[in-house]
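Some notes on the structure that comes next.
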Ligand code: IVH
């Protein structure tokens, strides 16, 4: 946080020292935010540091550093992308935080232009989108280049990535010969939530907020990844243009819209500060329902000739201002730290707060993430909050962004009660008393009680009946808790015995509070209706760690039937166990190597583990088939296989499957293609299509694409550089085609 010694009382030496400290802190924050997409401090803290720096520089202009953070926009471009020098510098915006700053801005502009108070002066007001800015260069109407802002002068060449964004036109009709369109790439809340869900299922990186997700997705060296990420783009400015777009900002925006760009529908023309503030309030009120993150309102002088005259300061235009929303922060007492046990056994610490209003919403619970977070460390073991831990009784800062669960962001040590003790994270499950252990590399501590843990059992049941799982009407969290408490249902299969076991239960149920004749009957009907159920819903409903909705769909499409899935999972078991062993051996080797100061020898360790375990070819093939499914990696496969291998879990799954009529997932629509039902493996370099494309096409024709060659393989498509797979296929006498041969076979040659 910025120091709060009044600037007026600083001596020269103090001011110099503080400017040095601020420059270092801001450089670090800039790199974390712009280059690494991993902010270390909140926007509000950043703004406070920047403001403090500016105040000191204004009071001590002689002490302004050559590398002053006030003259820096963004961060240096990351390594890996080619660099593009912007024809016209990409600017930042001056910030305002208070209503009074808006009138002051109007006055500054008037005074600079020598306009009297009465002279008309219009401004546009529009949302400030919280994404990352992008400059698109069109020549003769064709998109030729896209660059991030970088440090304002040089950005990263992300042309291939930008081409994958639907909101960005590839061609324009009727545009100036040279036109650089600038705007913001962002991700909607819904897309952000879905992406994170998907990432988590696949064991990939999840993002802290939509802005990071947008930045991380745009700045992918592989444009194919960007293509799979739902990015959007609003155009709001321009760089180099061979002829003016219009005479007014508002008309220029209309022109960009007519050229096919998305422009923000909340852009308004305002007559002066009063209307600007009015629109600011309107936008602020709509903020929560917009479906994407905004962090303020941007005002711009409407008359482009006046914009030209006003020009720029070091990094910001004189004709524009960003009026930021106050951060959604509040301080309150942390009354207690509770532990919630989730369906996968994760122990999640929850802060019970003295209720407080944060950004218009009353908050009484907030997340504390995990035990490291409480202790003051991040996942890499580095200090956060300057290493301050969080204790029951503390005065804490609560942060809320959009729909995200509020979190405890900071703590004020000066208000810590004398008797506050460091929080001891439980090592046994508070619900069932089983050991709660933390695996290496896992930030989360988990209860090992499995089905005997009532909290896990209830959470599992709630998940089981949830909308994307069995979706049983009339059976929600509340009812599940009630039935579980009464011992009517202990595991999913019991739901389908509810009527039989408590058939007179209908009678009992009717007598229960909240249940009438009709609702009880409806419930039994709804349960009956869900006996016939799609495969992917059953897989998802099991609530296996890392096996979410998307993975469940992938598995169902790959295996088609419940029996095929179970068989594959059982067959792969020895290979999965060997995989886990190899992982452990690898970790041990890494530790030993680092202690002995030598390089780890990983490959032999892994091979040895596979061989020592004597994993049969059949198991290896089943494992390879499983991890060969697009989107399913070793983490998911291990989780799936070990869940099925766990005796109590398995008995419960089998009991459930026995009650259900699990529908087969329809085979691919195309059954008369020459490759329908065949198992195909691609290896070596493909020249006419990418691996993903080849795979998608083969699957569309009804083929099953696998990652490894086994006796079950029907066709091997081998490009140049094919190695062991081609050899193995030859040994097994499997039909081998080159890329052209394959294309000819599927009629695409
Ligand atoms: S105008 C010359 N308009 O905010 C000024 N910027 O903090 C060009 N931003 O770098 C920018 N929404 O990335 C403008 N409606 C909007 C904006 C906007 C978001 C971003 C932009 C800029 C940053 C400055």
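The values are calculated or read from the model by the stated rules, or taken from the named source; none is laboratory data. All values derive from a computational prediction rather than experimental measurement. A quick note on method: Cβ atoms are made from the backbone with ideal geometry, for glycine too, and the neighbour counts reach across all protein chains shown.
Listed here are the residues, each with its yes/no results for (1) under 23 Å from residue 313 (Cα atoms); (2) within 12 Å of the ligand (Cβ to nearest atom); (3) within 23 Å of the chain's Cα centre (by Cα).
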site	(1), (2), (3)
72	yes, no, no
103	yes, no, no
136	no, no, no
152	yes, yes, no
160	no, no, yes
164	no, no, yes
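If you take the residues in region 433-455 that are crowded, with 21+ Cβ neighbours inside 10 Å and touching a helix residue (DSSP H, G or I) at 6+ places or on another chain (Cβ under 7 Å), which one is modelled with the lowest pLDDT? If we take residues in region 433-455 being crowded, with 21+ Cβ neighbours inside 10 Å and touching a helix residue (DSSP H, G or I) at 6+ places or on another chain (Cβ under 7 Å), then 449 is modelled with the lowest pLDDT.
Could you identify the single residue in 400, 343 that is surrounded by 15 or more Cβ atoms within 10 Å (Cβ to Cβ) and out of contact with any strand residue (DSSP E or B) (no Cβ under 6 Å at 6 or more places or on another chain)? Before you say what the answer is, go through the steps one by one.
On the way: 400 fails: out of contact with any strand residue (DSSP E or B) (no Cβ under 6 Å at 6 or more places or on another chain).
When all the criteria are applied, what remains is 343.
If a residue has to be under 12 Å from residue 374 (Cβ atoms) and assigned to a loop (DSSP other than H, G, I, E, B) to count, how many in region 409-425 make the cut?
Pass one, region 409-425, residues under 12 Å from residue 374 (Cβ atoms): 411, 422-425.
Those left that are additionally assigned to a loop (DSSP other than H, G, I, E, B): 422-425.
Summing the residues that are under 12 Å from residue 374 (Cβ atoms) and assigned to a loop (DSSP other than H, G, I, E, B) in region 409-425 gives 4.
Taking the criterion of being more than 21 Å from residue 311 (Cβ to Cβ) and outside any strand (DSSP E or B), the residues of region 233-256 that qualify are 254, 255, 256.
This table checks each residue for (1) away from the ligand (no atom under 12 Å from the Cβ); (2) at pLDDT 90 or above; (3) under 25 Å from residue 86 (Cβ atoms).
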{"residue": "205", "(1), (2), (3)": "yes, no, no"}
{"residue": "208", "(1), (2), (3)": "yes, no, no"}
{"residue": "230", "(1), (2), (3)": "yes, yes, no"}
{"residue": "240", "(1), (2), (3)": "yes, yes, yes"}
{"residue": "244", "(1), (2), (3)": "yes, yes, yes"}
{"residue": "251", "(1), (2), (3)": "yes, yes, yes"}
{"residue": "264", "(1), (2), (3)": "no, yes, yes"}
{"residue": "267", "(1), (2), (3)": "no, yes, yes"}
{"residue": "277", "(1), (2), (3)": "yes, yes, no"}
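Report, by residue number, each residue of region 1-27 that is over 24 Å from residue 128 (Cα atoms), assigned to a helix (DSSP H, G or I) and under 33 Å from the mean Cα position of the chain (by Cα). Within region 1-27, 21, 22, 23, 24, 25 meet the criteria. In the set 351, 320, 314, only one residue is more than 29 Å from the chain's Cα centre (by Cα) and at pLDDT 95 or above; that residue is 320.
Evaluate region 84-94: report whether one residue or more is touching a helix residue (DSSP H, G or I) at 6+ places or on another chain (Cβ under 7 Å), over 22 Å from residue 217 (Cα atoms) and either within 15 Å of the ligand (Cβ to nearest atom) or not in a strand (DSSP E or B) (or both). Scanning region 84-94, I find no residue that is touching a helix residue (DSSP H, G or I) at 6+ places or on another chain (Cβ under 7 Å), over 22 Å from residue 217 (Cα atoms) and either within 15 Å of the ligand (Cβ to nearest atom) or not in a strand (DSSP E or B) (or both), so the answer is no. When the residues of region 15-48 are filtered to those that are closer than 20 Å to residue 295 by Cα and touching a helix residue (DSSP H, G or I) at 6+ places or on another chain (Cβ under 6 Å), the one that is surrounded by the fewest Cβ atoms within 10 Å (Cβ to Cβ) is 38. Tell me yes or no: at least one residue of region 386-395 is part of a helix (DSSP H, G or I) and farther than 26 Å from residue 206 by Cα. So far as region 386-395 goes, no, none of its residues is part of a helix (DSSP H, G or I) and farther than 26 Å from residue 206 by Cα.
For region 286-309: of the residues being assigned to a helix (DSSP H, G or I) and within 18 Å of residue 253 (Cβ to Cβ), which is nearest to the ligand (Cβ to nearest atom)? Checked region 286-309; the qualifying residue nearest to the ligand (Cβ to nearest atom) is 307.
State all residues of region 310-337 that are away from the ligand (no atom under 15 Å from the Cβ) and assigned to a strand (DSSP E or B); if no residue qualifies, say none. Those that are away from the ligand (no atom under 15 Å from the Cβ) and assigned to a strand (DSSP E or B): 329, 330, 331, 332, 333, 334, 335, 336, 337.
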